[in-house]
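The values are calculated or read from the model by the stated rules, or taken from the named source; none is laboratory data. For clarity, every value in this text was computed on a predicted model and none was experimentally measured. Backbone-built Cβ (ideal geometry, glycine too); neighbour counts: all protein chains shown. These accessible areas exclude ligands, DNA and RNA; they are computed on the full protein's heavy atoms, side chains included. Shrake-Rupley method; radii C 1.70, N 1.55, O 1.52, S 1.80 Å.
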Amino acid sequence: MRHGEETNDRPDLTSRVFSMKLNALLKDLLPNGNDDILRNGREIFFQGFNWESHKQQSWWNRLKDKVSELSAWGFTSMWLPPAFDSLAPQGYLPRDLYSLNTAYGSEGELRNLLQAMHRRNLWAMADVVINHRIGSCQGIGGLYNRYDGMPMPWDEHAVTCDTGGLGNPSTGAIFEGVPNIDHTQEFVRNDLKNWMNWLRNNLGFSDFRFDFAKGYSARFVMEYIQASWPKLSIGEYWDDCSYVGPDYALDYNQDAHRQRTVNWIDGCGGLSCAFDFTTKAILQEAVRKREWWRLRDAQGRPPGVLGMWPSRAVTFVDNHDTGSTQAQWPFPSDHVVQGYAYILTHPGQPCVFYDHVYEWGEGLRDAILNMISIRKWQGVHSRSKVEILEANSSVYAAMIDNKVCMKLGEGDWCPCWDDWQLATSGQSYAIWQKPKQLLTA
């Protein structure tokens, strides 16, 4: 990301003077080379697990066997499950962050996987779970809020006072039932910075995904990024949408919802992307009810974070929480392919879920891979220009960079100008592209 060149991508949230100061500051902070990743925005992420993956024998070895094909299919980064000791086998109740023998496999198997990914130029994304931590022994109040006998041997002052510790109040939302880490403590931040540098330089992780990112102030995320410089970071800022009426219907206007995500990105100094939960909410409601008008906001833009700050929006259909066996907020199962037709043709940086490639059948997998091929062949990226041509009760249609046209819905629509060619189609979706010779003429 070359910030002086990205003014059209950044939302108009503050005064022009503040934006210029922020851009100048970030240009000084970013190391050479890393800015190109966000500026070019050509990443396609693969989530390499679901909620049940820990039950499989040596998950790390299973993923290692898939590295070559994932790279060949066009994925650029694989998000791995939490790779460290945890009370829960899925990895989201961490204890000893330096212990790598987990339900997913041994330390040696993990290192072999990371080396295989490096050889195939497939970046490894670490799931950084640092909002909370389970102690090794009981402390004040009889809670497990001490960390004796393990690396980072903190006492109760490392735990927020509102979750049973002797630290300061939390700077974000509370993750109930467990000790929440007090990021205002300098010794805590120093230990976490050392650990993140170990992830980068010893293990070979390239990217970070910050779990439960609304649990602590975004300014700490910025500090951690500046201390370890991952190639790319993504925050899980999962917030509640707005619902209306007695039937609790999703409100058409989700501007406040996406604004909170954008504010979080701003709080990180723009150094991190964020999962675009706003787009997921609106997209799955649109396909479920065939309310395609939802996919255009009042200003004529895409209604999610990708309509405000596309280079920082990571779009997705489902993940291990919303889908899989947890199914906390699943995309309608008979419309998943339409979801991918949207996120793989639009700006933002898409993330594809493991289940949809390896567990939902060859038909869906082949459709996804075909869409990835179209995206890469036509050079669609996170800051591509999208022009919404129709968004009504029967069809949604959009043109991206004058290279790709797509539609969702049963409405009779196709691009009737220029020499468009149908690239792929299926139930309630179609994608057209320009012949390559026309693009270069």
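Quick notes
- The chain: relative contact order in percent, alpha carbon pairs under 8 Å with at least 6 residues between: 13
- Once the 1.4 Å probe is applied to the protein heavy atoms, segment 94-189 comes out at 41 Å² accessible per residue.
- Think of it as helices only: each DSSP H run of n ≥ 4 in the chain is worth -39500 (n - 2.57), and spread over all residues that comes to -9000 deg cm²/dmol at 222 nm.
- When the chain is described by a simple charge dipole with +1 on each Lys and Arg Cβ and -1 on each Asp and Glu Cβ, the residue from Gln138, Leu203, Ser428 located farthest towards its positive end is Leu203.
- Restricting segment 210-279 to chymotrypsin sites (Phe, Trp or Tyr not before Pro) that sit in a DSSP loop and have at most 10 other Cβ atoms within 10 Å of their own Cβ leaves Tyr248.
- The relative contact order of segment 37-124, computed from alpha carbon pairs under 8 Å that lie at least 6 residues apart in sequence, is 34 percent.
- Counting charges near Tyr248 (Lys, Arg +1; Asp, Glu -1) among other residues having Cβ under 15 Å from its Cβ returns a value of -2.
- When the GluC sites (Glu not before Pro) in segment 342-441 are filtered for DSSP coil states and for at most 14 other beta-carbon atoms within 10 Å of their beta-carbon, the remaining sites are Glu359, Glu410.
- Working from label points 7 Å from Cα in the Cα-to-Cβ sense, the Ala227 to Ser136 distance is 2.0 nm.
- Candidate values [x] 81, 65, 38; [y] 157, 76, 39; [z] 69, 51, 50 were compared with Cα extents along the principal axes in Å computed on the shown model; the agreeing label is [z].
- Summing charges over neighbours of Pro332, with a neighbour being any other residue whose Cβ is under 12 Å away from its Cβ, gives +1 when K and R count +1 and D and E count -1.
- Placing unit charges on the Cβ atoms only, positive for Lys and Arg and negative for Asp and Glu, gives the chain a dipole magnitude near 1140 debye about its Cα centre.
- Low-density loop positions, GluC sites (Glu not before Pro), segment 160-268 - DSSP coil, at most 11 other Cβ in 10 Å: Glu176
- Nonlocal amide H pairs with Ala423, under 5 Å, H built at 1.01 Å: Ile431, Trp432, Gln433
- R0 of 35 Å, Cβ-Cβ distance Ser99-Tyr358: FRET efficiency to nearest 0.05: 0.80
- Gained length - Met150 relative to Asp239, 0.36 nm times residue gap less alpha-carbon distance: 28.7 nm
- Ligands, DNA and RNA left out, the accessible area of segment 88-146 computed with a 1.4 Å probe is 48% carbon and sulfur.
- Rounded tilt (10° steps) of 255-267 against the dominant C-alpha axis of the chain: 50
- Ranked by the mean number of other Cβ atoms within 10 Å per residue, highest first, peptides 67-76, 340-349, 254-263 order as 340-349, 254-263, 67-76.
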